[in-house]
Every structure is written in structure tokens, then in C-alpha cells.
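The block underneath contains the structure these notes are about, expressed in C-alpha cells.
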Amino acid sequence: MSLLQRSSLRYLTRHPWLMGLSVLGVAIGVAVVVSIDLANGSAQRAFELSAETVTGTATHQVVGAGGALDDDVYRRLRVDAGVRPSAPVVEGYATLRRGDRTFQVIGIDPFTDALFRPYLGTGAGGNLDLGSFMTQDAALMSAPTARSLGLALGDTLRVGVEGTEHPVRLVGRIEPDDERTRRAVANLLVVDVSTAQRLLDMSGRLSRIDLLLPSDNEAQAAALSRIRTALPDGAQVRRSDTRTETVEQMTRAFELNLTALSLLALVVGAFLIYNTMTFSIVQRRGLIGRLRALGVTKRQVFGVVLGEAALLGVVGTGIGVLLGIVLASGLVQLLAQTINDLYFVVQVSELSISPWILAKGALLGVGTTLVAAIPPAREATNAPVSTVLRRSTQETNVKDLAPRLAGAGLGVGALGVLLLAVTEQSIVVSYLALLCLLGGAALLTPLLVMGVASAARPLFDRLFGVIGRMAARGVVTSLSRTGVAIAALMVAVAATVGVGLMIDSFRGTVEDWLTQSLQADV
């Protein structure tokens, strides 16, 4: 290890609190990014797995314009048009009193469904009592789910649908061979079509009709033409994966919101890193000047400063990745509950850790640290040796630079306002506009600090005397550090206030809607 490297390491070990703050800033930023990405990815994969399993082998689906089909459509397709294989499906959601858990209810015809969802065990080789399943209010449930709820065959389930409870008897358990399917059916309650119609108040109606069409293009086109001819007005046939794509579009904005908020934490961490590295340069300014006078090159000093930042970034990123995994294990359940309330029912039984997400978090952490350390490193190496030895020179330069920074901030802020004005649908562009507004406010901070400190100096003088006057002047005389610290605090407070206002606005809108819509006492 060279003398410069030993000097750098000694400085870090002698200032543990200062370095710990930098490591903490990076760790928190990386942890929030990694945890939200892992939770998003786990919930999304759980939904995709569940959707694939519930859809089964169906290639196409017949759906109605209003979300339901008359069940006579199935008879016309299967008997009149000869469309086979086909299977009717009734879908909905219900809760169980035991465990207070939400399930996806799927009603099937056991005679035609075995080809589409063989894991249910309703085919000829299964051990399901078809007589009980079709003539009683009976249900199938995942075997691990039944065990976790303490349910045995023959027990009566209290199934709640829109405030009404229905007794349903557990007559069978779903026990797929592979782990993927076992996880996907964890929140599935399978009943007969007629039972589902009674539970979900869909008498004489179907949610969809599953189809298995040939893979050959010509044969498939002929089958589709025959199907469309037999369909009534308003009904349409679509690919099975279209439904999954629709739900993904619904949740994409929700996931993007979380990702953008997580990146704000990393932005605050970048401010902390910048401030810490600037402070370390200030503390060693005399030492750096003497080293430069003794012949140490600018490149060597630049390398030492970036090396310190890289070390802090690697340590902080490592801690942040581990902390992010721990946070994600708890966050994924909260995220799944929100998705259940707003979009669809998904049961996330385990956290899916993607190497790409961990690598992205590590790259963001180390990269942000190095980018934040470049300005202090350049300041330490580019100034003449005589100037480096005088701290006042840097503060004078910062004060002279403040008006230009403010002008740039106004320009960046104006760009953000323009983007918000012309953007109506793009969430990504909207977030870029908000980032421009935050960046513009940060660039305006030094000049605003100077103005506020100057205006507050007489008041502080009257209230606190010489100490108050010194405090007001000290903020300006250390503007290169205080400006950055205030900008970091500004970003954090802006994010907190913005999210709080957004949530409060949503809640207020929902409360107003409920007040106007639900006038009855009962």
C-alpha cells in the first residue's frame, strides 16, 4: 500500500462517525431500491404464475362485452358449432372466515375441464367424488393451504361473497406434482359451475369459455372463423395471454410509482456522499496543498479521493443489498395486500431474489457514490497549490458561482414545468419533469441561503447577540457545505410532503365519493 493510500485509510479510521454517515446514506438508498424492486418482482411473478396456472392449457377465451356470457353460448359453441375442446368457467373472489383470507373462486365443469387444468384431478384418473362435487355446494382447495388453516376433508367452509356467507363443504384437496403449481394454487377455491353461479350471484351466466385451438395457422384461422360465426353480438374471442397483459398494464403505473419513490432515497444518499466528501476535503485541505507542493500529482490526489468514495460506496452498497433483502421480505406482504385490494388476488409465499435486481442495486449504489464524489475530487486537484492552502478562496468561488447556479436552476425548473405542461399520459416523462424541478430547486439553494441568512442576521443579532450574528454569517461562510446539506434536506422534505399530500388527496377523493354514493343507512 502506498503512502497516499495509508494516509487515506488512516483518515477514514480516525473519523468513524463522518464515514458512517456516508455509508448509512448509501445503504439506506440502496436498501429501499433493492427491497421495492424485489417486492415488485416477487408479486409480479406470483401473479404471472397464478394466471398461467388458472388459465391452464387454454390458447383462447370467449368473453362477453359486459364481463359475462349467457351460458347458452357454451351450448351453441360445443353442440351447434362443434367447438371442442372447450370448457365453461365462472370466476370471482370470496373470503373465508377462518384465517380471514381472500380466495379466487373458479367454477368448472369437471367433465370438460380435465384437459385444461389437469392438476385439479377432476379427470378419469382422479380420486374426486364427482357426485358430491356436482350435486352439493362443495369445493377443492390446495392441500398446503388446507393444512395451514386446519381444515380436513368434510369440514364446512364459511365462504363470504359481498357480505353474504355461504356454507361450502371441502370434498377434495389439490395436490400438484411440481412446486410451481403448488404455489400458484395456494389461493384458489375450485367449485362446480352451478355452485360458483350461486355463490357469485351469476345465475345463467359464465365469466368466460376456455378453448384449445390447433397450433397450425390455417386450422386455427378456420376454427376462429367458425367460432366467431356462432358468437352473439358483444361476445369476442381473444388469446389467453391478453388478459395477463391487461392486468400488467394496470399494475405498471403502481410499480413505477414505488420505483421512482425508491430512487429519491438514493438521491438523498448522493447528497450525503457529496457533503461528506466535501467535508473530508475541507478537513485535509492543508494536507492536500502540502502534498501538491511536495510533488504529488493531481491524478494521484484525484485517485485517492475517488478511492475513498469507492470504498464507502462498496461498503454501503453491500450493507444496503443485505438490508434490502430483509426489508423486501416484509414489504412483499404489504405490497401483495395492496395489489389484492386494488387489482387481483395474489398469494406471495416466498421472496424471489433476482441476481439482476441485486446487481442493479449494487451498480446504482457504487455509481451514485462515485458520481457524487467527482466534484469534490476535482475541486481538490484543479485549484493551484497556493489557492488550495487557503480555505477562503473556495468559499469566495462558491459565492461568486451562486448566481450562475441559480440561473441554471431556473432553467432546469422551467424545463420541468414545460414537460409537465405538455405531458398528459407518460408517467416516465412526468417523473423526469419532477426530477428537473427538484434539481432546479437544489441549484437555487445556495443563492436562497445567502439571501435568507442576510435577512435573518439583524434578527439573530437582536435575539442572540454576537453568537446569533456569527451563526447567520457562518452559514454563508461555509456555503460549499451548508448549501449541499440544505439541498439534501429539501429533497427529503419535498418527497415526504409530496407523498403525504398525494395520499391525503386520494383519501379525500374516496371519502367524498363514498359520501355521495352511499346515502343509505343500511
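The values are calculated or read from the model by the stated rules, or taken from the named source; none is laboratory data. Because the structure is predicted, anything quoted here is derived from the model rather than measured. Glycine also receives a Cβ, built like all others from the backbone with ideal geometry; neighbour counts cover every protein chain displayed.
A few remarks follow.
- Condition check for Gly320: surrounded by 19 or more Cβ atoms within 10 Å (Cβ to Cβ), under 26 Å from Ile374 (Cα atoms) and at pLDDT 85 or above: yes
- Any chance Ala328 is hydrophobic (A, V, I, L, M, F, W, C), at pLDDT 85 or above and loosely packed, with under 15 Cβ neighbours inside 10 Å: no
- Members of region 86-129 that are surrounded by fewer than 21 Cβ atoms within 10 Å (Cβ to Cβ), in a helix (DSSP H, G or I) and at pLDDT below 85: Pro118, Tyr119
- Matching entry among Val73, Val83, Val62 (being assigned to a helix (DSSP H, G or I), of a type in the set (A, V, I, L, M) and either surrounded by fewer than 16 Cβ atoms within 10 Å (Cβ to Cβ) or assigned by TED's automatic domain parsing to the domain that holds Gly150 (or both)): Val73
- Pairing residues of region 143-160 that are on the phi < 0 side of the Ramachandran plot with residues that are part of a strand (DSSP E or B) and surrounded by fewer than 12 Cβ atoms within 10 Å (Cβ to Cβ), at Cβ distances under 7 Å and at least 6 apart in sequence or on separate chains, gives Thr156/Pro167; Arg158/Pro167.
- Pair list, Cβ under 6 Å, 6 or more apart: region 33-59 residue on the phi > 0 side of the Ramachandran plot, other residue modelled with pLDDT of 75 or more and basic (Lys, Arg): Gly56/Arg117
- Those residues of region 418-445 which are over 21 Å from Ile486 (Cβ atoms) and surrounded by 13 or more Cβ atoms within 10 Å (Cβ to Cβ), in sequence order: Leu419, Leu420, Thr423, Ile427, Val429, Ser430, Tyr431, Leu432, Ala433
- Only one of Ser505, Ser478 that is in the same structural domain as Leu434 (by TED's automatic domain parsing) and within 32 Å of the chain's Cα centre (by Cα): Ser505
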